[in-house]
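Let me begin by presenting the structure, written as structure tokens, before commenting on it.
What follows is calculated from the coordinates using simple rules that are stated; it is not laboratory data. Just so it is clear, the structure is predicted and the values come from calculations on it, not from any experiment. Please note: Cβ atoms are built from the backbone with ideal geometry, for glycine as well, and neighbour counts cover all protein chains shown.
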Amino acid sequence: MIESVNLTKFYPPPIKSLFDLKSLRDFLGKPREKIPALIDLSFKIKEGEIFGLLGPNGAGKTTFCKIANALVIPTRGNLYINGYDSVKEHDKVKGKIFTIFGGERDLFGLFQWRVSVEKNLKFIAELWGIPKVEAENRINYALELLNLKDKKNEWYQKLSAGMRQKVYLALPLIIQPEVLILDEPTVYLDVFTRREVWNAILELSKEFGTTIILTTHNLNEAEVLCNRVLIFNKKKIAEGKPKELIEKFQTLKIDRKLLVKIKGKIKIEDFNGIAEKINAYTQNGFTYLGIYIKRDYLKDILAILTNYDVVDIQNEPVTLEDVFTHICSFDSCVNSRAEEKS
Ligand SMILES: Nc1ncnc2c1ncn2[C@@H]1O[C@H](COP(=O)(O)OP(=O)(O)O)[C@@H](O)[C@H]1O
Ligand SMILES: [Mg+2]
């Protein structure tokens, strides 16, 4: 089990110049203005779950992953991994977790650039104490699953960013850690590669029961992969199953999305005051509308639409993206800078 208890991190402000009096004071003493990255974040993750940490850029996702690896020390609070404090008892945790940081960033310097993919993987498997034959089997299985077989003799250096990310994803399939932390695992990937990565993540969860923490700002990804998600921006905003969050959001009667195709042009002003948001474009004599409305206004919208030559109308399901866009615009999540209270 993983438990985050009031996890809080404030970074010191950047030093502008040692000649600047304020910077010098911050550098020498206890900086007064601090940059919040995590504020009192508490949650639990059960064994075998795929848990999504969902937040916009700067929410504190990478900071969380760094604390799990004792790369960053929290200002207060604790992160327990299988009962051990991730920082204070790092030696007990480090063999159990494996982390992949966003993009193809090789933060731990695992890969040799002028060495083939296969040799790199064999070397890392050896470091993790996996017996030779077993390692070979696992490497073949991982390369097959990730569609990387034809790259196994290629130098790591020659691979594209997407390929490198996939090679990185081969590692948890080979090492089979108890806990896998993926920091924005598909961040620069094209849609096809993204699907391969998703498959690998689901396979890990299904085959090995790996507990997976996945950070992302891609809501579709969270919806597809995660059993539960925590939406946060420094502070917790919401927590639950992706579907439950969407339902909760629906009961708030905040959102309904209508996609409408109309012959001819429309007057956008007609929808003033009843649509929350409206997107429109015209093509080949048709106007395409995306209308976000509060449920109570559905009748009014339909009444206006009767004035037009409506060719098609669709009621789109609410996605996690809608939930996210809405709740993340609440004030609680906009504070990018704050003074530490304690
Ligand atoms: N080493 C650092 N020094 C100062 N501020 C930092 C540092 N790392 C991150 N931050 C700040 O902490 C906040 C959270 O950053 P981060 O954890 O990287 O968010 P995310 O991964 O969700 O984009 C941001 O405001 C970021 O600018
Ligand atoms: Mg990040």
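Summary of values
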quantity: Under 23 Å from Lys16, Cα to Cα: lysines that are on another chain or at least 8 residues apart; calculated: Lys30, Lys34
quantity: Sequence-distant residues sharing a close amide H with Leu38 (under 5 Å, placed H); calculated: Lys9
quantity: Listed residues Ile100, Ile293, Ile304, most fluctuating in the chain (Gaussian network, C-alpha, under 10 Å); calculated: Ile304
quantity: Pairwise FRET efficiency - Gln112 versus Glu144, Cβ, R0 = 25 Å, nearest 0.05; calculated: 0.65
quantity: Under 22 Å from the Cα of Lys265 - lysines, other chains or at least 8 residues apart; calculated: Lys257, Lys277, Lys299
quantity: Among Ile124, Ile15, Ile274, residue whose mean-square fluctuation peaks in a GNM of the chain (springs only between Cα atoms under 10 Å); calculated: Ile15
quantity: Centre separation in Å (Cα based) which lies between the range 172-251 and the range 105-168; calculated: 23
quantity: For the chain, share of DSSP beta bridges that run antiparallel, in % to the nearest 5; calculated: 70
quantity: Hydrodynamic radius of the range 256-317 per Kirkwood, over alpha carbon pairs, in Å; calculated: 11.5
quantity: Whole-number D in µm²/s for the chain (Stokes-Einstein; Kirkwood sum over Cα pairs; 4 °C, 1.567 mPa s); calculated: 57
quantity: Relative contact order %, the chain, counting alpha carbon pairs below 8 Å whose residues are six or more apart; calculated: 20
quantity: GNM flexibility winner over the chain from Glu154, Glu203, Glu269 (Cα, springs under 10 Å); calculated: Glu269
